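Down below is the structure, laid out as structure tokens.
Since every read-out is calculated from the coordinates, none of them should be taken as a lab result. A quick note: this is a predicted structure, and the numbers were derived from the prediction, not measured. Neighbour counts are summed over all protein chains in view; Cβ atoms, including those assigned to glycine, are modelled from backbone coordinates with ideal geometry.
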Amino acid sequence: MRVAILTVSDRSARGEREDLSGPALRALVEARGWQVTQTAVVADEREAIRAVLCRWCDEDLAEVALTTGGTGFAPRDVTPEATQQAIEREAPGLAEAMRAGSLAVTPHGMLSRGVAGIRRRTLIVNLPGSPRAACESLQTVLPVLGHAVDLLRERPQAEGGHRQMSA
Amino acid sequence: MRVAILTVSDRSARGEREDLSGPALRALVEARGWQVTQTAVVADEREAIRAVLCRWCDEDLAEVALTTGGTGFAPRDVTPEATQQAIEREAPGLAEAMRAGSLAVTPHGMLSRGVAGIRRRTLIVNLPGSPRAACESLQTVLPVLGHAVDLLRERPQAEGGHRQMSA
Amino acid sequence: MRVAILTVSDRSARGEREDLSGPALRALVEARGWQVTQTAVVADEREAIRAVLCRWCDEDLAEVALTTGGTGFAPRDVTPEATQQAIEREAPGLAEAMRAGSLAVTPHGMLSRGVAGIRRRTLIVNLPGSPRAACESLQTVLPVLGHAVDLLRERPQAEGGHRQMSA
């Protein structure tokens with residue numbers, strides 16, 4: 001499994017703040033035995049975010065593209081809007097499950113505006129910006145990402161559950 | 001209550017696979033004392049799905065239109081996108097409740113991309129493709145469908161709860 | 001905190017029914033120590049709803065704009081559609097949390113079609129129309145509204161949690 005990680009942060013993009021969330025996500029992905037094939041840091045600019053995500057999907061550089069940052073209420077938080085422009089098919093259940101999971105930890109979980117969806121054969125998932133919240137949200141969806149990608153890539157399913165889940 | 005059931009499946013449309021989900025849903029609907037007035041099987045083609053749904057609503061052939069299949073991650077799964085094009089007003093709470101219910105059974109529940117919404121006086125609800133998952137999801141929303149249709153059709157409410165729920 | 005409250009109801013707009021939900025919400029807001037700076041009652045007309053919400057946001061007359069009514073299944077219930085036209089960035093977690101909370105009280109909770117989102121520096125939240133359901137839904141999001149507005153207005157955070165939550 002090839003995973004790409006995009007950190008969205010004005011301050012990290014300007015080199016004023018170390019990107020802690022990207023490396024934290026990478027550690028989690030690699031602990032799963034997966035490979036991080038792309039990483040990038042961009043400012044909170046809708047077009048910059050959209051362009052990176054589209055390139056990763058269109059050039060098939062990863063099966064899953066994770067973003068961290070820009071999903072909140074600050075005026076420059078536009079990662080969900082940029083992601084909406086990139087995806088062709090939305091997968092709302094992933095975002096709902098991540099929010100429901102974080103709501104169990106803190107009521108602030110309901111403030112995450114993240115979305116998830118599919119562009120071509122790549123699944124894009126928005127995660128929060130703090131290292132802790134990003135990792136918690138990834139943990140929520142991690143158990144289903146392999147199956148999601150198998151369906152998306154039309155790979156044979158281990159337990160013969162393909163027909164059931166694809167529908 | 002008149003219910004229409006649309007099975008979305010390439011293989012069933014080609015006659016290569018028996019449609020098990022449509023009949024399973026019909027049994028559940030009839031056990032409720034409701035009438036299945038329309039059934040159809042179409043391929044995973046956005047325009048074909050949209051056209052059937054629109055005709056059922058525009059010709060008022062049912063109060064509720066259920067779909068089964070095409071809500072997953074496979075490349076040809078486009079039932080939610082076709083449904084979005086058919087509906088005029090979204091009813092996200094139904095889809096959220098079905099996913100939350102199926103998440104309690106399996107983490108794969110978060111992969112359902114189904115939507116629900118209203119076109120004219122008909123409620124459209126996307127259900128998963130497997131017979132079991134389709135029936136479980138229908139069971140989740142079944143208790144509120146009668147009330148939803150009463151509001152949609154401006155029928156008097158049994159318990160005088162109209163004002164409360166319509167608002 | 002300045003809060004605006006919009007009651008959406010044909011009958012209240014015609015003076016045929018007393019608006020009970022608006023005052024009930026006002027009492028809850030004031031009990032929190034916040035100020036209600038705007039109130040209005042409009043009919044279930046998409047353009048009328050949209051126009052009031054946009055004016056309140058564009059003239060910065062409130063930090064939070066609450067609506068009550070028009071989120072259900074009746075043919076004239078169009079508050080979510082009007083709100084979608086007003087907002088620039090959606091905040092789906094607030095609507096999901098309100099529905100999940102009301103589902104714990106009644107299965108009819110899944111019929112609320114309310115949305116939440118941001119226009120400029122104002123957060124708009126759709127609440128149901130009945131006084132009881134409107135107040136219950138407001139109670140669900142009340143604990144996070146102050147923090148949401150702090151982020152939206154780029155105000156310093158009390159507990160230094162700004163960086164964590166803004167992302």
Can you tell which of B:104, B:27, B:43 shows the greatest fluctuation in a Gaussian network model of chain B with Cα springs below 10 Å? B:104
Would you work out the charge dipole size for the protein assembly as shown about its Cα centre, treating the Cβ of every Lys and Arg as +1 and the Cβ of every Asp and Glu as -1, and quote it to the nearest 20 debye? 220 debye
Phi to ³J(HN,Hα) by Karplus 6.51 cos²θ - 1.76 cosθ + 1.60 over segment C:20-28, Hz, x for Gly, Pro: 9, 6, x, x, 5, 5, 4, 4, 5
With springs connecting C-alpha atoms under 10 Å apart, model chain C as a Gaussian network and identify which of C:151, C:53, C:25 has the largest mean-square fluctuation. C:151
From the helices alone, meaning DSSP H stretches of at least four residues, give me the mean residue ellipticity at 222 nm for chain C, per-run term -39500 (n - 2.57), in deg cm²/dmol to the nearest 500. -13500 deg cm²/dmol
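Suppose every K and R has +1 on its Cβ and every D and E has -1 on its Cβ; what is the size of the dipole of segment C:2-166 about the Cα centre, in Debye to the nearest 20? Don't skip to the answer; put the middle values down first.
Details: 20 positive and 21 negative charges, 26 e Å.
The dipole magnitude comes to about 120 debye.
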Acute angle (nearest 10 degrees) that the helix B:46-58 long axis makes with the longest principal axis of chain B, alpha-carbon atoms: 30 degrees
GNM top mover of B:83, B:71, B:37 - chain B, alpha-carbon springs below 10 Å: B:37
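Pulled fully out, how much extra length does the chain show between residue C:61 and residue C:153, if you take 0.36 nm times their separation in residues and subtract their Cα-Cα distance? Show your work: numbers first, answer last.
Numbers: separation 92, 0.36 × 92 = 33.12 nm, distance 1.36 nm.
Result: 31.8 nm gained on full extension.
Beyond 16 Å, what share of the Cα-Cα pairs of segment C:6-116 remains, rounded to the nearest whole percent?
Across segment C:6-116, Cα pairs with separations above 16 Å total 62 percent.
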Hey, fewest Cβ within 10 Å first, where do C:137, A:102 land in order? A:102, C:137
In degrees between 0 and 90, to the nearest 10, how far off the longest principal axis of chain B does helix B:92-103 point, with axes built from Cα atoms? 60 degrees
Longest principal axis of chain B (C-alpha) makes with the long axis of helix B:131-152 (C-alpha) an angle, in degrees to the nearest 10, of 30 degrees
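Going through segment B:1-87, which GluC sites (Glu not before Pro) have at most 15 other Cβ atoms within 10 Å and a DSSP loop state?
Working: sites: B:16, B:18, B:30, B:45, B:47, B:59, B:63, B:81; in loops: B:16, B:18, B:45, B:59, B:63.
Sparse-neighbourhood loop GluC sites (Glu not before Pro): B:16, B:18, B:59.
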